[in-house]
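To keep things clear, I will list the structure first and then write my remarks on it.
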Amino acid sequence: MSPEPPDPSRRDQILDAAERLFAGQGFARTTIKQIGRAAGVNSALLYYYFADKDQLYREVLQRFVAGLVARTMSGSAGGGPPDRRLRAFVEAQVQTLAEHPHAPRLLVREMIDYDAAHAVAQIQHLSVTGFRRLCDLIEEGQRAGIFRDDLDPRFAAISIIAQVGWFFVARPAVRILLRQGPDGPSADVVRAFGRHAADFAVAALTAPAGRPRTTRRPPRGQSRKS
């Protein structure tokens with residue numbers, strides 16, 4: 001008798017529990033038994049879906065990054081001016097992090113504890129998808145005279161991504177700063193921040209009216225498209 005096919009909902013249930021525990025305790029301190037208990041499954045069933053803890057950890061990272069890329073790429077696709085598509089990119093980033101509130105902390109742990117060793121493939125994927133799309137939007141706006149042309153698109157893209165990431169990584173501090181309850185910023189506050197972050201990014205990039213165009217020089221040894 002052949003085994004039953006994997007249940008996608010059960011698999012996501014395990015990934016959700018693993019994401020929460022890895023973020024809270026780190027990779028080394030989290031055990032398969034703890035993950036199984038948090039997911040409501042026994043260890044034997046967990047091994048039916050994942051070969052070992054290392055594979056489970058990598059798939060937690062992969063699921064989050066894949067979702068982030070899909071949401072931001074879809075939100076910023078199509079026609080319309082670059083500033084409108086950039087707003088959609090930022091708001092899509094906020095929506096994705098709101099749905100995975102533990103993922104930002106997990107990524108910070110990964111970078112601090114392991115120098116991003118487990119996430120190299122995912123960061124490389126981001127670099128040629130979402131990050132490249134954001135840089136392209138900024139460059140498109142610069143060519144159209146909408147955005148300041150004295151900014152390095154790569155640095156601007158990092159700044160845009162960072163403001164959203166910090167909001168979620170620093171959730172305990174944000175909760176205090178915004179005088180929110182113990183569960184942190186509400187869904188309405190998160191949505192409001194998403195709109196603000198998009199407005200803030202566009203305002204920082206927008207070229208002042210009447211400002212003469214300049215030719216920005218990229219860092220030495222690097223081309224504008226590198």
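The values are calculated or read from the model by the stated rules, or taken from the named source; none is laboratory data. Every value quoted in this text rests on a predicted model; they were computed, and no experiment measured them. Positions of Cβ are generated from backbone atoms using ideal geometry, with glycine treated the same way; all protein chains shown enter the neighbour counts.
Among the residues of region 146-194, those identified as of a type outside the set (A, V, I, L, M, F, W, C) and outside any helix (DSSP H, G or I) are R148, D149, D150, D152, R179, Q180, G181, P182, D183, G184, P185, S186.
A single member of D152, D183 is free of Cβ contacts under 8 Å to residues at least 60 places away in the same chain, surrounded by fewer than 19 Cβ atoms within 10 Å (Cβ to Cβ) and either under 14 Å from L205 (Cβ atoms) or of a type in the set (D, E) (or both), and it is D183. Name the single residue, out of those in region 35-70 being under 20 Å from Q93 (Cα atoms) and in contact with a Gly (Cβ under 7 Å, 6 or more places away or on another chain), that is surrounded by the fewest Cβ atoms within 10 Å (Cβ to Cβ). Per the criteria, the residue is V69.
Of everything in region 169-180, what is surrounded by 13 or more Cβ atoms within 10 Å (Cβ to Cβ) and out of contact with any helix residue (DSSP H, G or I) (no Cβ under 7 Å at 6 or more places or on another chain)? Give them in sequence order. Residues satisfying the conditions are A170, R171, R175.
Scanning region 155-168 for residues that are aliphatic (A, V, I, L, M) and surrounded by 17 or more Cβ atoms within 10 Å (Cβ to Cβ) returns A156, A157, I160, I161, V164. When residues in region 135-144 are screened for being buried (at least 17 other Cβ atoms within 10 Å of the Cβ), of a type in the set (A, V, I, L, M, F, W, C) and touching a residue at least 60 places away in the same chain (Cβ under 8 Å), 2 of them pass. Here the condition is being among the hydrophobic types (A, V, I, L, M, F, W, C), at pLDDT 95 or above and more than 22 Å from G24 (Cα to Cα); of A204, A209, it holds for A204 alone. In the set (1) over 17 Å from R63 (Cβ atoms); (2) free of Cβ contacts under 8 Å to residues at least 40 places away in the same chain; (3) small (G, A, S), the condition left unmet by A92 is number (1). Could you tell me whether any residue of region 128-147 is closer than 29 Å to Q25 by Cβ and of a type in the set (G, A, S)? Yes, the conditions are met somewhere in region 128-147.
Do we find that T96 is under 17 Å from R191 (Cα atoms), part of a helix (DSSP H, G or I) and out of contact with any Leu (no Cβ under 7 Å at 6 or more places or on another chain) in this structure?
no
Candidates F193, F168, F147: the one that is among the aromatic types (F, W, Y), touching a strand residue (DSSP E or B) at 6+ places or on another chain (Cβ under 8 Å) and in contact (Cβ under 8 Å) with a residue 40 or more places away in the chain is F147.
Take the residues of region 18-31 that are assigned to a helix (DSSP H, G or I) and within 19 Å of the chain's Cα centre (by Cα): which is surrounded by the fewest Cβ atoms within 10 Å (Cβ to Cβ)? Among those that are assigned to a helix (DSSP H, G or I) and within 19 Å of the chain's Cα centre (by Cα), it is G24. Tallying residues that are modelled with pLDDT under 95, more than 17 Å from Y47 (Cβ to Cβ) and surrounded by 16 or more Cβ atoms within 10 Å (Cβ to Cβ) within region 1-17 yields 0.
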